[in-house]
1. So for the chain, taking the charge dipole from beta-carbon charges (+1 Lys/Arg, -1 Asp/Glu), which of S25, M41, L63 sits furthest toward the positive end?
2. Starting from 0.36 nm per residue, how many nanometres of slack lie between L63 and R19 once their C-alpha separation is accounted for?
3. Could you work out what % of the accessible surface of the chain is carbon and sulfur, using a 1.4 angstrom probe and leaving DNA, RNA and ligands out of the count?
4. Tell me what the chain gives for mean residue ellipticity at 222 nm when only DSSP H runs of n ≥ 4 count, each as -39,500 (n - 2.57), the sum divided by the residue total, rounded to 500 deg cm²/dmol.
5. When the Kirkwood radius is taken over all Cα pairs of the chain, what Stokes-Einstein diffusion coefficient follows at 25 °C and 0.890 mPa s, in µm²/s?
6. Given the chain, what percent of its DSSP beta bridges are antiparallel, to the nearest 5?
7. Taking a probe of 1.4 Å, how large is the accessible area per residue of the chain, in Å²?
8. Please give the net charge around E61, taking every other residue with its beta carbon less than 14 angstrom from that of E61, where Lys and Arg add +1 and Asp and Glu add -1.
Amino acid sequence: MPHIRPVSDLRNNFAEISRIVHESSEPVFLTKNGHGDMIVMSMEYYEKLKLESEMYHKLKEKLRGNEEKK
């Protein structure tokens, strides 16, 4: 289940949000006036997403190259 908090918690409860992102290894979604505003995540989670994205794009390029050869 995603962690959703008001953006004011970033200022008022920074330590708690930091603990959540590190212990759960998931991002915290911050809202402003009831609407999504930003996401806070650990560096480890960010690096994982970045690596997955890079691997996806390389695989996509490889598959596209294979289709062009047909």
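1. So the residue we want is L63.
2. 11.8 nm
3. Carbon with sulfur: 56 percent of the solvent-accessible area.
4. Rounded to the nearest 500, the figure is -20000 deg cm²/dmol.
5. My calculation gives 174 µm²/s for D.
6. That works out to approximately 55 percent antiparallel.
7. Value for the chain: 84 Å² per residue.
8. Spelling it out: positives minus negatives among the neighbours equals +2.
The values are calculated or read from the model by the stated rules, or taken from the named source; none is laboratory data. Just so you know, these numbers come straight off a predicted model, no measurement behind them. Here Cβ is always computed from backbone atoms with ideal geometry, including for glycine, and neighbour counts include all displayed protein chains. Please note that ligands, DNA and RNA were not included when accessible areas were found on the heavy atoms of the full protein model with its side chains. Shrake-Rupley method; radii C 1.70, N 1.55, O 1.52, S 1.80 Å.
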